[in-house]
Amino acid sequence: MTSTAPATPPGIRDADGTVPAQRRVLRVLVAAQVLSGAGLAAGVTVGGLLAQDMLGSTGLAGLPSALFTAGSALAAVTVGRISQRGGRRPGLAAGYLTGAVGSAAVIVAAVLDSPVLLFLALFVYGAGSATNLQARYAGADLATPDRRARAVSTVLVATTLGGVAGPNLAAPTGTFAEGLGIPNLAGPFLLSGAAYALAALVLAVWLRPDPLLLARDLAADAVSQEKTTALSQQKTDAVPDEKTPAPGESAAAAPRGAGVVLGALVMILTQLVMVAVMTMTPIHMHDHGHGTAATGLVIALHIAAMYLPSPLTGWLVDRYGRLAMAAASGVTLLAAGVVAALAPADSIGLLAVALALLGLGWNFGLVAGTAIITDAVPLATRARTQGLVDVSIAIAGATGGMASGIVVAAASYPVLALTGGVLALAVLPAVAVTAYRR
């Protein structure tokens, strides 16, 4: 009878400190992220349009975005708590499965022409977005501190592949839906539901060993070995060495409380500024005579800049440090705000540069902030804390989106862009204080 046991126990580390299971974990996460990226982008592309079509007006067309964000915030807490108790596999799989249920409910709402059911369904659908974002933490669980940011970036960049495919499949899925007697605009949610369900299946079946549970086992083994070593040193009257961090913990991490606050602040500020400026850019362009093709190009470049640089960003964070790249996110977002504020309204090129810088600054902040949080939070409470941080990020995004319209209506788009850039600089004193405390 042939044994199916792995040749190398998953908890054994290679000579460079890498856990062999980490490579499998990243492959499974990448596959799931490609699928979930398609599900996320396909649904978001037409959610507002479907609401507008069902309501017959634009007055509440922005409500789907608010409900989607609210559902994402609630799901972030829930996924974090499930992961805390049972590991990343059940937490992420449950989140994506909930997103699939929300997608199915949207289709039912469209068939029944029920706006109330549509809004409830979009709230549930938001779970997919929260899970897509939380998957980056799973990539970091088994990574050594000097490779943690690169692991996060690998998971992030995989979302881009599905994110590009999803919107491009909106038209074909709409045509397919019509053939089934489903409204055209509900078609992309067929793709979303299938993609989220497949992502849940991939994780439930193949995310083994569970990265968070294995990381806890490794940390427990390290503590046991440390106690044995300390006892041996006492018996020989040796002076104990300074406490060695457990595998997966960073010796260079900021103090834990300060690290959580700093990591959360970086990601909250970058999310707020990015969403605020991004939300109003298409409206600004439309008001100055630009067509949907030009607007689509600028937003496409922005989204590409949000995710595609992730591998390079991960390397930079690991090579030059979390604090340096957190500071770089603030400076880059300031540059984005200044360019957007000074760009002539008829200059597509400068607006594209501004939005690309905006996406890049967000990328710097998300990767650096995620690494800071993961360094600072002990494994015993890591998933729960990460879920709470992601709730704050979702709320910041909703706040930025709502406030952006108010600022533009009261002042102008350049004022919004410049204000956002200056606000992003609040990261710098926080980084300076943390560096000084070290």
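Testing Phe176 on (1) free of Cβ contacts under 8 Å to residues at least 24 places away in the same chain; (2) among the aromatic types (Phe, Trp, Tyr); (3) touching a Ser or Thr at 6+ places or on another chain (Cβ under 9 Å), one condition comes back false. Which one is that? The number of the failed condition is (3).
Once segment 298-337 is narrowed to residues that are touching a helix residue (DSSP H, G or I) at 6+ places or on another chain (Cβ under 6 Å) and among the β-branched types (Val, Ile, Thr), the residue that is farthest from Gly420 (Cα to Cα) is Val317. Number of residues in segment 110-138 that are crowded, with 21+ Cβ neighbours inside 10 Å and free of Cβ contacts under 8 Å to residues at least 40 places away in the same chain equals 1.
Entry remark, segment 84-106: residues being surrounded by fewer than 24 Cβ atoms within 10 Å (Cβ to Cβ) and closer than 18 Å to Asn184 by Cα number 2 in total.
Specify the residue that is modelled with the lowest pLDDT; the eligible residues are those in segment 180-203 that are of a type in the set (Gly, Ala, Ser) and farther than 14 Å from Val111 by Cβ.
Quick first cut of segment 180-203, residues of a type in the set (Gly, Ala, Ser) only: 181, 186-187, 192-195, 197, 199-200.
Still in the running and farther than 14 Å from Val111 by Cβ: 192, 194-195, 197, 199-200.
Numbers: Ser192: 90, Ala194: 94, Ala195: 93, Ala197: 97, Ala199: 96, Ala200: 97.
Checked segment 180-203; the qualifying residue modelled with the lowest pLDDT is Ser192.
Which residues, taken from segment 316-338, are farther than 17 Å from Leu262 by Cβ and surrounded by fewer than 22 Cβ atoms within 10 Å (Cβ to Cβ)?
Start the filter on segment 316-338 by keeping residues that are farther than 17 Å from Leu262 by Cβ, which leaves 316, 318-319, 332, 334-338.
Within segment 316-338, Leu316, Arg319, Ala335, Val338 meet the criteria.
Restricting attention to segment 139-191, the residues that are closer than 29 Å to Val25 by Cα and of a type in the set (A, V, I, L, M, F, W, C) total 17. Apart from one condition, Gly126 fits all of (1) modelled with pLDDT of 90 or more; (2) under 15 Å from the mean Cα position of the chain (by Cα); the exception is (1). Checking every residue in segment 286-293 against the condition of being hydroxyl-bearing (Ser, Thr, Tyr), in a helix (DSSP H, G or I), at pLDDT below 90 and over 19 Å from Val157 (Cα atoms) gives at least one match.
Of the residues making up segment 204-254, those that are of a type in the set (Ser, Thr, Tyr) and either under 26 Å from Gly86 (Cα atoms) or at pLDDT 90 or above (or both) are Ser224, Ser250. Elements of the type helices (runs of 4 or more DSSP H) sitting completely within segment 114-231 and holding at least 1 residues that are closer than 27 Å to Thr385 by Cβ and hydroxyl-bearing (Ser, Thr, Tyr): these cover 115-140, 148-168, 187-206.
Here is a yes/no grid of residues against (1) of a type outside the set (Lys, Arg); (2) modelled with pLDDT under 95; (3) under 17 Å from Ala138 (Cα atoms):
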site: Ala73; (1), (2), (3): yes, yes, no
site: Arg81; (1), (2), (3): no, yes, yes
site: Gln84; (1), (2), (3): yes, yes, yes
site: Ala93; (1), (2), (3): yes, no, yes
site: Thr98; (1), (2), (3): yes, no, no
site: Ala104; (1), (2), (3): yes, no, no
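Okay, residues lined up against (1) part of a helix (DSSP H, G or I); (2) hydroxyl-bearing (Ser, Thr, Tyr):
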{"residue": "Leu333", "(1), (2)": "yes, no"}
{"residue": "Ala345", "(1), (2)": "no, no"}
{"residue": "Leu350", "(1), (2)": "yes, no"}
{"residue": "Ala354", "(1), (2)": "yes, no"}
{"residue": "Val367", "(1), (2)": "yes, no"}
{"residue": "Ile373", "(1), (2)": "yes, no"}
{"residue": "Thr385", "(1), (2)": "yes, yes"}
{"residue": "Leu388", "(1), (2)": "yes, no"}
{"residue": "Gly405", "(1), (2)": "yes, no"}
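Return the residues of segment 274-292 that are closer than 25 Å to Ile395 by Cβ and in contact (Cβ under 8 Å) with a residue 60 or more places away in the chain; say none if nothing qualifies.
Taking segment 274-292 first, the residues closer than 25 Å to Ile395 by Cβ are 274-284.
Those that are closer than 25 Å to Ile395 by Cβ and in contact (Cβ under 8 Å) with a residue 60 or more places away in the chain: Met274, Val275, Ala276, Val277, Met278, Thr279, Met280, Thr281, Ile283, His284.
In segment 293-304, what residues are crowded, with 21+ Cβ neighbours inside 10 Å and either under 18 Å from the mean Cα position of the chain (by Cα) or free of Cβ contacts under 8 Å to residues at least 40 places away in the same chain (or both)? Working first, answer last.
Of all residues in segment 293-304, those crowded, with 21+ Cβ neighbours inside 10 Å come to 298, 302.
Residue satisfying the conditions is His302 alone.
Counting residues in segment 106-120 that are modelled with pLDDT under 95 and under 17 Å from the mean Cα position of the chain (by Cα) gives zero.
Yes/no per residue for (1) of a type in the set (Gly, Ala, Ser); (2) under 17 Å from the mean Cα position of the chain (by Cα); (3) more than 16 Å from Ala135 (Cβ to Cβ):
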site: Leu156; (1), (2), (3): no, yes, no
site: Thr160; (1), (2), (3): no, yes, no
site: Gly174; (1), (2), (3): yes, no, yes
site: Glu178; (1), (2), (3): no, no, yes
site: Tyr196; (1), (2), (3): no, yes, no
site: Pro211; (1), (2), (3): no, no, no
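Hey, can you tell me all the residues within segment 183-230 that are of a type in the set (Lys, Arg) and either crowded, with 16+ Cβ neighbours inside 10 Å or assigned by TED's automatic domain parsing to the domain that holds Gly95 (or both)? Answer for segment 183-230, where residues must be of a type in the set (Lys, Arg) and either crowded, with 16+ Cβ neighbours inside 10 Å or assigned by TED's automatic domain parsing to the domain that holds Gly95 (or both): Arg208, Arg216.
The values are calculated or read from the model by the stated rules, or taken from the named source; none is laboratory data. Computed from a prediction, not measured in an experiment: that's the story for all the values here. FYI the Cβ positions are ideal-geometry reconstructions off the backbone, even for glycines, and counts take in every protein chain you see.
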